[in-house]
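The values are calculated or read from the model by the stated rules, or taken from the named source; none is laboratory data. A quick note: this is a predicted structure, and the numbers were derived from the prediction, not measured. Note: ideal-geometry Cβ built from the backbone for every residue, glycine included; neighbour counts use all protein chains shown. These area figures cover heavy atoms from the full protein model, side chains too; ligands, DNA and RNA do not enter into them. Shrake-Rupley method; radii C 1.70, N 1.55, O 1.52, S 1.80 Å.
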Amino acid sequence: KRHLEGDGLPPRNAAVDVSNYVTLAFGQPLHTYDADSLPAKDIAATEAKGGEEYVGIGDVKVTCAEGDILITSGRQMIGLGAILGGESTAVTSDTTNVYIEAAWFERKQIALTGQRLQLHTDARARFERGIDPAQTAWAGRYAAKLIQEICGGEVSEQQCAGNVERKLPTIEFEPSLTKTFGGHYIPV
């Protein structure tokens with residue numbers, strides 16, 4: 001709670017606080033759902049056909065355009081990918097079972113959707129700037145561990161969908177320049 005308050009985020013409940021903490025500490029946005037309020041037990045990310053209507057957290061009403069990323073449970077929309085979770089599946093103080101979504105989304109589509117809808121969220125800002133897909137699964141497991149430590153309960157098996165090809169950059173480095181730019185010689 002101290003870390004969240006220090007960053008100007010009011011504490012809400014253990015699950016939401018943990019997801020916000022992981023987002024702030026590691027840059028990986030997460031979303032928590034009240035698992036018992038999900039229409040089905042399968043969660044998927046799909047592209048909108050256009051015209052889908054949705055009520056997000058904070059009673060924000062959204063009409064989707066073709067290509068927007070929808071988070072669905074069964075055939076029902078429960079979130080706008082990387083931007084806004086749904087009011088009907090939000091974690092509350094009465095929640096007893098939590099579903100954690102740790103995902104990676106394409107930067108360009110998130111930016112276009114967010115700009116069109118004029119929705120500004122921490123998750124959107126991070127996805128637009130790019131996050132490391134290699135930490136996505138780890139962040140979800142870490143959040144589950146923290147929630148378990150705080151609230152008790154059991155952590156289920158992690159499920160993964162999709163695959164992101166990670167392209168590691170090649171960095172050329174001239175060791176002799178450490179003395180010039182860093183003021184310290186590092187023997188090679």
Which GluC sites (Glu not before Pro) in region 103-188 sit in a loop by DSSP (not H, G, I, E or B) and have at most 14 other Cβ atoms within 10 Å of their own Cβ? Glu106, Glu154, Glu157, Glu165, Glu172
Just to confirm a number: summing +1 for Lys and Arg and -1 for Asp and Glu over residues other than Gly74 whose beta-carbon lies under 12 angstrom from that of Gly74, what do you get? +1
Exposure of Ile150 as accessible area (Å², to 10), given a probe of 1.4 Å and all protein chains: 110 Å²
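All other residues with a Cβ under 14 Å from the Cβ of Gly50 taken together, and with Lys, Arg as +1 and Asp, Glu as -1, what is their net charge? Could the numbers behind the result be given before it?
Values: positive: Lys49, Arg116; negative: Glu47, Glu52, Glu53, Glu66, Asp68.
That sum, taken over residues with Cβ under 14 Å, equals -3.
Quick check for me: using +1 on Lys/Arg Cβ and -1 on Asp/Glu Cβ, what's the dipole size of region 105-188 about its Cα centre, in debye to the nearest 20?
Working: 11 positive and 10 negative charges, 64 e Å.
That gives a dipole near 300 debye.
Excluding Phe127 itself, what net charge comes from residues whose Cβ is under 14 Å from its Cβ, given Lys and Arg +1 and Asp and Glu -1? Numbers along the way, then the final one.
On the way: positive: Arg107, Lys108, Arg124, Arg126, Arg129; negative: Asp68, Glu101, Glu106, Asp122, Glu128, Asp132.
Computed value for this residue: -1.
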Taking springs between alpha-carbon atoms closer than 10 angstrom, which of Asp42, Asp68, Asp17 fluctuates most in the Gaussian network model of the chain? Asp42
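Given a 1.4 Å probe, how much area per residue of the chain is accessible, in Å²? Provide the component values of the computation, followed by the final result.
Details: 12030 Å² over 188 residues.
The answer is 64 Å² per residue.
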Compute the long axis of helix 107-117 from its Cα atoms, compare it with the longest principal axis of the Cα atoms of the chain, and write down the angle in degrees, 0 to 90, nearest 10. 50 degrees
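So what's the projected area for the chain, the Cα convex hull averaged over all directions, in nm²? Present the calculation step by step, with values, prior to reporting the outcome.
On the way: hull surface 56.5 nm².
That works out to 14.1 nm², a quarter of the Cα hull's surface.
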Which of the lysines could a cross-linker span from Lys61 if the Cα-Cα distance has to be under 26 Å and same-chain partners fewer than 8 positions apart are dropped? Lys41, Lys49, Lys108
Here the residues of region 55-94 lying in the modelled label zone of Gln118, meaning backbone nitrogen under 20 Å from a point 7 Å along Cα-to-Cβ, are 55-66, 68, 80, 83-85
Mean-square fluctuation check for the chain, GNM, Cα pairs under 10 Å: which of Ala44, Ala144, Ala15 is largest? Ala44
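Please list, by residue number, every one of the trypsin sites (Lys or Arg not before Pro) in region 126-188 that is coil in DSSP and has at most 13 other beta-carbon atoms within 10 Å. Please list the in-between numbers first.
Numbers: sites: Arg126, Arg129, Arg141, Lys145, Arg166, Lys167, Lys179; in loops: Arg166, Lys167.
Qualifying residues, ordered by number: Arg166, Lys167.
How about region 81-188: which chymotrypsin sites (Phe, Trp or Tyr not before Pro) there lie in a loop by DSSP and see at most 11 other Cβ atoms within 10 Å? Walk me through the numbers on the way to the answer.
Values: sites: Tyr99, Trp104, Phe105, Phe127, Trp138, Tyr142, Phe173, Phe181, Tyr185; in loops: Trp104, Phe105, Phe173, Tyr185.
Loop-located and lightly packed - Phe173, Tyr185.
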For Lys179, counting only lysines whose alpha-carbon sits under 17 Å away and dropping same-chain residues fewer than eight positions off, the answer is none
